[in-house]
1. Could you pull out the residue among LEU81, LEU87 that is touching a residue at least 12 places away in the same chain (Cβ under 8 Å) and in contact with a Cys (Cβ under 7 Å, 6 or more places away or on another chain)?
2. Identify all residues within the range 30-60 that are assigned to a loop (DSSP other than H, G, I, E, B), open to solvent by less than 60 Å² (accessible area, probe 1.4 Å) and among the small types (Gly, Ala, Ser); write none if there are none.
3. Among the residues of the range 15-27, write down those that are open to solvent by 60 Å² or more (accessible area, probe 1.4 Å) and in contact with a strand residue (DSSP E or B) (Cβ under 6 Å, 6 or more places away or on another chain).
4. Sort out which residues of the range 35-78 are without any contact (Cβ under 8 Å) to a residue 60 or more places away in the chain and of a type in the set (A, V, I, L, M), and write them in order of number.
5. Please determine, by comparing only the residues of the range 2-29 that are without any contact (Cβ under 8 Å) to a residue 60 or more places away in the chain and outside any helix (DSSP H, G or I), which one is nearest to VAL62 (Cα to Cα).
6. When you scan the range 78-98, do you find a residue that is under 14 Å from the mean Cα position of the chain (by Cα), in a helix (DSSP H, G or I) and basic (Lys, Arg), even just one?
7. Testing ILE69 on (1) open to solvent by less than 20 Å² (accessible area, probe 1.4 Å); (2) more than 19 Å from ALA91 (Cα to Cα); (3) touching a Phe, Trp or Tyr at 6+ places or on another chain (Cβ under 8 Å), one condition comes back false. Which one is that?
Amino acid sequence: MSSIDYLGIEARGFIFGPAIALAIGAKFIPLRKPKKLPGEVISEKYVLEYGTDCLEMHVGAVQPEERVIVIDDLVATGGTLCAAIRLLERAGAEVVECACLIGLPKFKAEREARVCSRGVPPIKPRVQEYVRR
């Protein structure tokens, strides 16, 4: 099996992602809001339940066919996670799972329809499990 890299979504995803990556010897890839990363970036705009936003990632942060797990603190409708997945897929990475600490029950059906329709397994609050592996 190829190695797994961890991607954290700004800002609280940065709390969990680097710690997990360090614990298992993987690299950490930050996804940030616009104009916060230096150098050349690729971006993905997306719609939230309350407006629009954008995520950016360094060009070359992932290589084609790298396996990535997306980590964030909270998921509501899945809009931010879908943007992260689209951005990674455009860069050629394979998103193998999304892990979030909290999933708002009110949006579970919408979230799973959006993210699972992209071929990514359902979002689970599984951050602890990755540290133990």
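1. None of the others qualify; the one that does is LEU81.
2. Correct list: GLY60 only.
3. LYS27
4. The answer is LEU37, VAL41, ILE42, VAL47, LEU48, LEU55, MET57, VAL59, ALA61, VAL62, VAL75, ALA76.
5. Filtering the range 2-29 for residues that are without any contact (Cβ under 8 Å) to a residue 60 or more places away in the chain and outside any helix (DSSP H, G or I), the one nearest to VAL62 (Cα to Cα) comes out as ILE29.
6. Yes - at least one qualifying residue is present in the range 78-98.
7. (2)
Condition check ((1) among the β-branched types (Val, Ile, Thr); (2) open to solvent by 60 Å² or more (accessible area, probe 1.4 Å); (3) at pLDDT below 80) across all residues:
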{"site": "LEU87", "(1), (2), (3)": "no, no, no"}
{"site": "ARG90", "(1), (2), (3)": "no, yes, no"}
{"site": "VAL95", "(1), (2), (3)": "yes, no, no"}
{"site": "CYS98", "(1), (2), (3)": "no, no, no"}
{"site": "PRO105", "(1), (2), (3)": "no, yes, yes"}
{"site": "ALA109", "(1), (2), (3)": "no, yes, yes"}
{"site": "CYS116", "(1), (2), (3)": "no, no, yes"}
{"site": "PRO122", "(1), (2), (3)": "no, no, yes"}
{"site": "VAL131", "(1), (2), (3)": "yes, yes, yes"}
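The values are calculated or read from the model by the stated rules, or taken from the named source; none is laboratory data. Just so we're clear, the structure is a prediction, and the values are computed from it rather than from any experiment. As a convention, Cβ positions derive from the backbone with ideal geometry for all residues, glycine included, and neighbour counts pool all protein chains shown. Each accessible area value is taken on the protein alone, full model and side chains, heavy atoms only, with ligands, DNA and RNA left out. Shrake-Rupley method; radii C 1.70, N 1.55, O 1.52, S 1.80 Å.
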